[in-house]
Amino acid sequence: MTTTPGFRPTHVVPGDGMPAWEAPDPARPTVPLDALLPVQLVERHGDWAHISCANGWSAWVDGRYLVAVPQDPPVTGDPPTEAAD
């Protein structure tokens, strides 16, 4: 599988998989997404979410059902230091 440069998943598809659409229009269904597929949220329009997959394929889904992936905390580049509680 080829991964698109810069792809960083922000969400995964729910455990039951989910339907997907070519556009934010219920009349234009496409291939459903596999369970736990990592995706990157590109944009939102109400409940619609435009997602991108690692291979560059994109679709629209019901964004309310996407599961957020925890992100690493930002780093400053400074060495770790001790801090008082």
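The values are calculated or read from the model by the stated rules, or taken from the named source; none is laboratory data. Computed from a predicted model, the values in this text were never measured in an experiment. Note that we place each Cβ from the backbone using ideal geometry, even for glycine, and neighbour counts take in every protein chain shown.
Return yes when A35 is small (G, A, S) and not in a strand (DSSP E or B) and no when it is not.
Numbers: small (G, A, S): yes; not in a strand (DSSP E or B): yes.
So A35 passes the test.
Answer with yes or no whether A23 is of a type in the set (A, V, I, L, M) and more than 13 Å from the chain's Cα centre (by Cα). Lay out the reasoning, then the answer.
Numbers: of a type in the set (A, V, I, L, M): yes; more than 13 Å from the chain's Cα centre (by Cα): yes.
For A23, the condition - of a type in the set (A, V, I, L, M) and more than 13 Å from the chain's Cα centre (by Cα) - is met.
Please find, within the stretch 59-72, the residue that is modelled with the lowest pLDDT out of those that are within 21 Å of T4 (Cβ to Cβ) and either β-branched (V, I, T) or in a strand (DSSP E or B) (or both).
Here the residue is V69.
How do the pairs read when you match residues in the stretch 51-80 that are on the phi > 0 side of the Ramachandran plot with residues anywhere that are modelled with pLDDT under 95 and β-branched (V, I, T), using Cβ under 7 Å and keeping only pairs 6 or more apart or on different chains?
G56/T4
How many residues, within the stretch 66-80, are over 14 Å from D34 (Cβ atoms) and either surrounded by 10 or more Cβ atoms within 10 Å (Cβ to Cβ) or among the small types (G, A, S) (or both)? Talk me through it step by step, then tell me what you get.
We begin by selecting, within the stretch 66-80, every residue over 14 Å from D34 (Cβ atoms); these are 68-80.
Then drop every residue that is not either surrounded by 10 or more Cβ atoms within 10 Å (Cβ to Cβ) or among the small types (G, A, S) (or both), which leaves 68-69, 77.
Result for the stretch 66-80: 3.
Is there any pair with a first residue in the stretch 1-21 that is over 17 Å from A35 (Cβ atoms) and a second that is surrounded by 10 or more Cβ atoms within 10 Å (Cβ to Cβ) and of a type in the set (D, E, K, R) whose Cβ atoms are under 8 Å apart and which are 6 or more apart or on different chains, and what are they?
Pairs that qualify, where the first residue is over 17 Å from A35 (Cβ atoms) and the partner is surrounded by 10 or more Cβ atoms within 10 Å (Cβ to Cβ) and of a type in the set (D, E, K, R), are W21/R28.
Quick one: in the stretch 39-58, which of the residues that are outside any loop (DSSP other than H, G, I, E, B) and over 11 Å from the mean Cα position of the chain (by Cα) is surrounded by the most Cβ atoms within 10 Å (Cβ to Cβ)?
Start the filter on the stretch 39-58 by keeping residues that are outside any loop (DSSP other than H, G, I, E, B), which leaves 39-45, 48-53, 58.
From what is left, the residues that are over 11 Å from the mean Cα position of the chain (by Cα) are 44-45, 48.
Numbers: R44: 11, H45: 10, W48: 17.
Out of the qualifying residues, it is W48.
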